[in-house]
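Here is the structure we will look at.
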Amino acid sequence: MATTDVTLEELQAAIRNVPDFPEEGILFKDITPVLADARLLDGCISHLLGEHSADTVDVVAGIDARGFIFGAAMARELGVGFVPIRKKGKLPWETIEESYELEYGSNTIAIHT
């Protein structure tokens, strides 16, 4: 399992705040500085996994698109599968769907059945 000396404070400091993106009134959290630094990325995955192991996790699911990055890395670290959760209409097979509300609208997500 990944282990580093990265603190939550270091991770928080690396994440950029981008005001009014994608729309006015939204504060976007830009994670690309974490992704660009192998040490920070490794530490982030370690923090996300916490004490979980393959003994306690059957599969990791991640929401499009940041969830793909972190979820796939977590699944790989645990040696388990990964389930992508995508926007409605983006998966090419039978799906289960769920709608939700955002600050700036609504959306529907789906997973394969």
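For the reader, a short list of remarks on this structure follows.
- Candidates S46, S53 - the one that is part of a loop (DSSP other than H, G, I, E, B) and out of contact with any His (no Cβ under 7 Å at 6 or more places or on another chain): S53
- Taken as a whole, the structure leaves I69 outside the set of residues that are under 10 Å from A110 (Cα atoms), touching a residue at least 24 places away in the same chain (Cβ under 8 Å) and surrounded by 16 or more Cβ atoms within 10 Å (Cβ to Cβ).
This table checks each residue for (1) touching a Phe, Trp or Tyr at 6+ places or on another chain (Cβ under 6 Å); (2) within 27 Å of L8 (Cβ to Cβ).
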residue	(1), (2)
D55	no, yes
V60	yes, yes
D64	no, yes
E77	no, yes
P92	no, no
E101	no, no
Y104	no, no
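- Out of A110, A61, one residue alone is at negative phi, touching a Lys or Arg at 6+ places or on another chain (Cβ under 8 Å) and part of a strand (DSSP E or B). It is A110.
- Among the residues of the stretch 74-99, the ones that are closer than 24 Å to A36 by Cα and either assigned to a loop (DSSP other than H, G, I, E, B) or under 9 Å from the mean Cα position of the chain (by Cα) (or both) come to 1 in all.
- In the stretch 50-73 there is no residue that is hydrophobic (A, V, I, L, M, F, W, C), farther than 23 Å from P84 by Cβ and under 18 Å from the mean Cα position of the chain (by Cα).
Condition check ((1) under 26 Å from G79 (Cα atoms); (2) of a type in the set (A, V, I, L, M, F, W, C); (3) surrounded by 10 or more Cβ atoms within 10 Å (Cβ to Cβ)) across all residues:
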residue	(1), (2), (3)
T7	yes, no, yes
F21	no, yes, yes
G25	no, no, no
E51	yes, no, no
D55	yes, no, no
D64	yes, no, yes
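- Residue selected from the stretch 54-78 under the condition out of contact with any helix residue (DSSP H, G or I) (no Cβ under 9 Å at 6 or more places or on another chain) and of a type in the set (D, E), by the criterion nearest to L40 (Cα to Cα): D64
- Candidates are the residues of the stretch 74-108 that are surrounded by fewer than 16 Cβ atoms within 10 Å (Cβ to Cβ), of a type outside the set (A, V, I, L, M) and in contact (Cβ under 8 Å) with a residue 24 or more places away in the chain; the one that is nearest to D55 (Cα to Cα) is G79.
Values quoted throughout were computed directly from the atomic coordinates according to the rules given, and no laboratory measurement underlies them. Bear in mind that the values here come from a model prediction, so they are computed numbers and not experimental data. Please note: Cβ atoms are built from the backbone with ideal geometry, for glycine as well, and neighbour counts cover all protein chains shown.
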